[in-house]
């Protein structure tokens, strides 16, 4: 198991390679978080040459939670980290659909939901557990002929996305109230929770979209171990200027 960076001082070598656990806020892109980390490190450690920084699994702008960011030579481990399972908690809203399958776009269709119950959903969740094929959302970063799928979607250009093999190891209903189903899921890499919302809604003939999503685990790494972006930026400033070990508080 690769150990994430928890101590930062003036001798921390980001070019040699470090792994950081970050809590991505709601509303920003994964690309922007990676860019911010690169800028903060280069500025505070006076790195003028190119610094490799990458992430081991993207999160949608409207999702939050754990992202693994690697610097320098540690970027060679990104594929290994991406191959691990992911755990999420979130909310499916039934009775409507949106083109983006989440809150990025407005509702385009509504459906009856009076027949939905906790037992109905639990049985449906069982149907979507295990090995299966899944089609990515049209609003996704999947590349088609060199362009992202969401670029086509935003210009109303129809494209065909290929199904992918995924595994849903567990899918647990935490609560169901007023058409909103709180859930916890453990799944393989490449699983789109927005696509799962779409497919559950179609299966139940009720429509559904993803209204909240937080990634809580990536393999053995947990969200509670992560720095907020603000914490990391401050620790980079203090760590370099003081030369003292900056240790992330526990709890």
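The values are calculated or read from the model by the stated rules, or taken from the named source; none is laboratory data. This is a predicted model, so every value here is computed, not measured. In this analysis, Cβ positions are derived from the backbone assuming ideal geometry, glycine residues included, and neighbour counts consider all displayed protein chains.
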Legend entry - Count - residues of the range 168-181 that are under 22 Å from residue 67 (Cα atoms) and surrounded by fewer than 16 Cβ atoms within 10 Å (Cβ to Cβ): 2
Legend entry - Residues satisfying the stated conditions in the range 77-102, i.e. over 30 Å from residue 16 (Cβ atoms) and in a loop (DSSP other than H, G, I, E, B): 95, 98, 99, 100, 101, 102
Inset, instruction - Quick one: which residue in 32, 42 is in the same structural domain as residue 71 (by TED's automatic domain parsing), farther than 25 Å from residue 85 by Cα and either in a loop (DSSP other than H, G, I, E, B) or without any contact (Cβ under 8 Å) to a residue 60 or more places away in the chain (or both)? - result: 42
Inset, instruction - Check the range 158-165 and report whether any residue there is modelled with pLDDT of 95 or more and on the phi < 0 side of the Ramachandran plot. - result: yes
Legend entry - Tally, over the range 82-131, of residues that are at positive phi and without any contact (Cβ under 8 Å) to a residue 12 or more places away in the chain: 0
Inset, instruction - Test residue 65 against the stated conditions and say whether it is surrounded by fewer than 19 Cβ atoms within 10 Å (Cβ to Cβ), modelled with pLDDT of 95 or more and on the phi > 0 side of the Ramachandran plot. - result: no
Legend entry - Which listed residue is surrounded by fewer than 18 Cβ atoms within 10 Å (Cβ to Cβ), under 30 Å from residue 41 (Cα atoms) and modelled with pLDDT of 95 or more, from 230, 217: 230
